[in-house]
There are 2 protein chains.
Amino acid sequence: MKHLESINAALERYLSTGDMPKLMHEAMSYSVFAGGKRLRPRMCLAAAELAGGSIEDAMPIACALEMIHTYSLIHDDLPCMDDDDYRRGRLSNHKVYGEANALLAGDGLLSLAFETMLREGISKVAHAPRYYEAAQVVAHGAGVFGMVAGQWADLANENNPDADAETLTYIHRRKTGALITASIVSGAIVANADESTVAALRSFGEHYGVLFQITDDILDVVGDAETVGKTLGKDAEQSKLTYPSLYGLEESRRMAEREAELAAAAVLPFGEKAAWFTALAKAALTRTY
Amino acid sequence: MKHLESINAALERYLSTGDMPKLMHEAMSYSVFAGGKRLRPRMCLAAAELAGGSIEDAMPIACALEMIHTYSLIHDDLPCMDDDDYRRGRLSNHKVYGEANALLAGDGLLSLAFETMLREGISKVAHAPRYYEAAQVVAHGAGVFGMVAGQWADLANENNPDADAETLTYIHRRKTGALITASIVSGAIVANADESTVAALRSFGEHYGVLFQITDDILDVVGDAETVGKTLGKDAEQSKLTYPSLYGLEESRRMAEREAELAAAAVLPFGEKAAWFTALAKAALTRTY
């Protein structure tokens, strides 16, 4: 998979830049190297590449995105949140290291994401403005106007009978969409892309974010139907606001197809250079049915 | 108190820069505006002032330090950590907003700290290198080589019979010392201070950090003795590794005095310009006995 090895090597390096408690390093690494597909960093690097930028310059941003994604999964799995004992087929972080340590491993990864971007940026002062603008895009997507707000709204609406399509859109634009869009936009910005390129890639990111969430929701339903009894601690989720629960399975599939088309259309002007993005949108569809 | 009002006004502003869930904003504000003394931002601004820099330039860094300090208190109070129902005489964040929301309010404040520094920095591109160097100092003090590592080590040694003076020093240098030192050093750096000024202020910060921890530990003992029955959920702490438990109360007091002297000596070369720092070190002593 494109860039996967170099992303993993950079993550190893960034997680080992100094002296920290050995077990804390292990706890952070446990979740960072849990077989993730590195979707967000790969999107960031692909956007930088499409815009003619260097992979090396974008790498600290790309890895920060993965650290932020990982911290959000660790905190999400905690008993006070989703209370999930498993993640990607392995015990979740707090089941291995305990709740307090999992909380700190998450806090540590979020801090390290920003520390990595800032430190690596200082050695790249020649292009500091665009580099820090990209880091700010990541911060915005990850924080109280993006992912954290989405998490909050998701929790707040868990048992809200009035939650509707608008609520669903609000939640997912922030909870998953914001960091996915930030991944692409930050990659374009660090590569000094012009405004129209940034806008086109942002549009791809926004449609892909929705597509990703719809197919995730569909997979939850289809997966649950196929693996009855295998899902643990997921009972509460059946009452959750999802695309299938709101629109039905068939309409959700049509919506996913539509988002994939819109995502592909957004990068059409780049022709062959956008092949990776077009394939990504297509692959999201086939992973479901 | 010097700069207190302008710090609070800036915090209000930075916490209200965009659209976020109303209750999330309230939960974050609840802890940020809980009557803290703003020690870290005041140290940052005072260092910037001493070095001849502008308060305005240092303000985003100063407020980020307070947001980071506040997030650490919210996460610290959670049931899986210290399980404290009260903080500064009010219910702790999770007792008011629930555990999941308190976790997210903390994550939100940590994210907002970095987003604020990055966003405000972009409008200050003229002095970007030193501004981002200061932000990196904050990140380093807050993260896996600083505060988070200190928290981890503190937890790891809670019931360790072999924990000794070296362990205590390791923990407190990181848990409280790292962010305090980062507060002063970041203020000096954002003001473009020369190397010897940064080194002198760093030395003040390191000694003040130890002083702060010793007097905190002493206050815990003295306070507990004077307010038997008033402390809630603190039973477990009696077995904790502290300066009084390791050195006794009298020796701890002598150590605090020594650290105050060393802190004052570090800023002696600045004469009257360092009056605020000298007074701060002195005040730390008198707050205990």
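Can B:GLN151 be described as closer than 18 Å to A:ARG130 by Cβ, at the interface with chain A (Cβ under 9 Å from one of its Cβ atoms) and at pLDDT 95 or above?
no
When you scan segment A:45-80, how many residues do you find that are free of Cβ contacts under 8 Å to residues at least 12 places away in the same chain and either crowded, with 24+ Cβ neighbours inside 10 Å or over 19 Å from A:LYS2 (Cα atoms) (or both)?
Looking only at that region, the number is 1.
Condition first: touching a residue at least 24 places away in the same chain (Cβ under 8 Å) and either among the polar types (S, T, N, Q) or within 20 Å of B:MET255 (Cβ to Cβ) (or both). Now tell me which residues in segment B:268-289 satisfy that.
B:PHE277, B:LEU280, B:ALA281, B:ALA284, B:LEU285, B:ARG287, B:THR288, B:TYR289, listed by residue number.
Taking into account only those residues within segment A:155-176 that are of a type in the set (Gly, Ala, Ser) and away from every other protein chain (no Cβ under 13 Å), which is nearest to the chain's Cα centre (by Cα)?
The selected residue is A:ALA165.
Which numbered condition in (1) closer than 25 Å to B:TYR14 by Cα; (2) at pLDDT 95 or above is the only one that B:ARG130 fails?
(2)
All but one of (1) outside any helix (DSSP H, G or I); (2) at pLDDT 95 or above hold for B:GLY209; which doesn't?
Status for B:GLY209: all satisfied but (1).
Would you check which residues across segment A:108-136 are under 17 Å from A:GLY18 (Cα atoms), within 9 Å of chain B (Cβ to nearest Cβ) and crowded, with 22+ Cβ neighbours inside 10 Å and list them?
Matches in segment A:108-136: A:GLY108, A:LEU109, A:LEU110, A:SER111, A:LEU112, A:ALA113, A:PHE114, A:GLU115, A:THR116, A:MET117, A:LEU118.
Can you give me the number of residues within segment A:91-107 that are among the aliphatic types (A, V, I, L, M), more than 7 Å from chain B (Cβ to nearest Cβ) and crowded, with 24+ Cβ neighbours inside 10 Å?
Of the residues in that region, 2 qualify.
Would you tally the residues in segment B:35-52 being at pLDDT below 95 and more than 15 Å from B:ALA10 (Cβ to Cβ)?
2
If A:SER196 meets every condition in (1) surrounded by 18 or more Cβ atoms within 10 Å (Cβ to Cβ); (2) at pLDDT 95 or above apart from one, which number is that one?
For A:SER196, the exception is condition (1).
Kindly establish whether B:LEU179 is at the interface with chain A (Cβ under 8 Å from one of its Cβ atoms), assigned to a helix (DSSP H, G or I) and surrounded by 22 or more Cβ atoms within 10 Å (Cβ to Cβ).
Spelling it out, it is not the case that B:LEU179 is at the interface with chain A (Cβ under 8 Å from one of its Cβ atoms), assigned to a helix (DSSP H, G or I) and surrounded by 22 or more Cβ atoms within 10 Å (Cβ to Cβ).
When the residues of segment B:261-288 are narrowed to those that are within 15 Å of B:ALA46 (Cα to Cα) and out of contact with any helix residue (DSSP H, G or I) (no Cβ under 8 Å at 6 or more places or on another chain), which ends up surrounded by the fewest Cβ atoms within 10 Å (Cβ to Cβ)?
Ranking the candidates gives B:GLU272 first.
Out of (1) free of Cβ contacts under 8 Å to residues at least 40 places away in the same chain; (2) out of contact with any helix residue (DSSP H, G or I) (no Cβ under 8 Å at 6 or more places or on another chain); (3) over 27 Å from A:HIS207 (Cβ atoms), the odd one out for A:GLU166 is which?
(3)
Would you confirm whether any residue within segment B:28-35 is touching a Gly at 6+ places or on another chain (Cβ under 8 Å), at the interface with chain A (Cβ under 8 Å from one of its Cβ atoms) and of a type outside the set (Gly, Ala, Ser)?
yes
Which condition number does A:ALA48 fail, the rest of (1) more than 14 Å from chain B (Cβ to nearest Cβ); (2) closer than 27 Å to A:TRP152 by Cα being met?
(2)
Here is a check on your reading of the model: is A:VAL144 modelled with pLDDT of 95 or more, buried (at least 22 other Cβ atoms within 10 Å of the Cβ), within 7 Å of chain B (Cβ to nearest Cβ) and not in a helix (DSSP H, G or I)?
Here the answer is yes, as A:VAL144 does meet what is asked.
Of the residues B:ILE122, B:ILE171, which is of a type outside the set (D, E, K, R) and closer than 24 Å to B:ALA191 by Cα?
Of the residues listed, the single one that is of a type outside the set (D, E, K, R) and closer than 24 Å to B:ALA191 by Cα is B:ILE122.
Scan segment B:239-260 for residues that are small (Gly, Ala, Ser) and surrounded by fewer than 15 Cβ atoms within 10 Å (Cβ to Cβ) and jot them down.
Within segment B:239-260, B:SER239, B:GLY248 meet the criteria.
The values are calculated or read from the model by the stated rules, or taken from the named source; none is laboratory data. Predicted model, so just to flag it, every value in this text is computed and none were measured. Using ideal geometry, Cβ is built from the backbone for each residue, glycine included, and neighbour counts are taken over all protein chains shown.
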